[in-house]
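The values are calculated or read from the model by the stated rules, or taken from the named source; none is laboratory data. None of these values were measured; they are calculated from a predicted model. Heads up, the Cβs are rebuilt from the backbone with ideal geometry, glycines too, and the neighbour counts pull from every protein chain shown. Surface areas here come from the heavy atoms of the whole protein model, side chains and all, with no ligands, DNA or RNA. Shrake-Rupley method; radii C 1.70, N 1.55, O 1.52, S 1.80 Å.
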Amino acid sequence: MQGLSLRTTLPECTLQRATSATEKATAYRCLDHVCRSRPGARGYFDPASGDLVVAVESAGFGEQLRADTAIDIALFMLEEAVYAARLFLGLPATPVAPARAEQFGGGYHFGEGMRTYPTARDAFAAYLVKHLSCEEVSRDERSVLLRSGPVDYEVMGMGWPSGFMVATTTRGFRHSMRDDARYVQIQERLAQPVTNPERPGEWSWNFRDPGRTAIAYFQEDGSFVVGQYGFGSPRTDANGPAYELVAQAQSLGVYAMTLLVEDLPDDLYSDEANRPN
């Protein structure tokens, strides 16, 4: 098995019946709310039906966890994401019982050297230090902050030792988030291919592609977050190849994010240090 993907559709949240910018913005804000509420979940609107799809997907899953264990954890995350969406939409929602995955604590590594780490989050952070030339900036119970050149990587825990999310955040959208029309334009742009203008036919990236694992959403302060969900299993070298796939996917997402903000007009993205509130 390579890769993991669990999805469900919420027809109650759809772009098909949204006719005004305000209605479309509400649907997109639901997507953002889901991703903020359940780290590791991704969302996009089905290209055919226009319905919101909530998914738990990872580029890196090979021979780590038993498939039933990985699926149990992903199902819990998916249920939490759906719960958040239904609450946002004002629909009846049943709270989700906490995940029970504590038996996977300790002994995480990625097949290089003798050192092990208490969680998959910590092991993946160490992987980024070694393979992406990152430097650790800070850490707390929630996350590890790393930096490589101008790019920051935040590696967040999931609430259990085997899961993590890596995320990179860029600012510059606060004024657009306050205006429904501009906000909808940005969201619609995320569902279109991002290309390198110097090599347009060579490579493209779509943050909302159903075939990818990219997590992309806006924080309430207008920050744009690009991320990937990953996990590991203790005492197995298989984490190494899985971490490589997650790191590669995140690097491509960050590259696409850089191209995207360079392509957006000033009324959608700008250096807010020079913009009055």
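At-a-glance table
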{"read-out": "Selected residue (only one of ARG208, ARG199 is open to solvent by 30 Å² or more (accessible area, probe 1.4 Å) and of a type outside the set (Asp, Glu))", "value": "ARG199"}
{"read-out": "Residue in segment 239-258 that is crowded, with 22+ Cβ neighbours inside 10 Å, touching a helix residue (DSSP H, G or I) at 6+ places or on another chain (Cβ under 6 Å) and of a type in the set (A, V, I, L, M) present", "value": "no"}
{"read-out": "Segment 154-190 - residue that is open to solvent by 50 Å² or more (accessible area, probe 1.4 Å) and within 27 Å of PHE76 (Cα to Cα) and, of those, farthest from the chain's Cα centre (by Cα)", "value": "GLY159"}
{"read-out": "Among the candidates TYR117, TYR83, residue that is under 26 Å from LEU190 (Cα atoms) and either modelled with pLDDT under 90 or of a type in the set (Ser, Thr, Tyr) (or both)", "value": "TYR83"}
{"read-out": "Scan of segment 120-134 for residues that are surrounded by 16 or more Cβ atoms within 10 Å (Cβ to Cβ) and charged (D, E, K, R), ordered by number", "value": "ARG121, ASP122"}
{"read-out": "Residue in segment 88-100 that is under 21 Å from the mean Cα position of the chain (by Cα), in a helix (DSSP H, G or I), at pLDDT 95 or above and closer than 30 Å to ALA181 by Cα present", "value": "yes"}
{"read-out": "Segment 63-86 residues that are over 20 Å from GLY240 (Cβ atoms) and in a helix (DSSP H, G or I), paired with ones that are modelled with pLDDT of 85 or more and open to solvent by 60 Å² or more (accessible area, probe 1.4 Å) (beta carbon under 8 Å, 6 or more apart)", "value": "LEU78/ARG7; TYR83/THR94; TYR83/PRO95; ARG86/GLU12; ARG86/PRO92"}
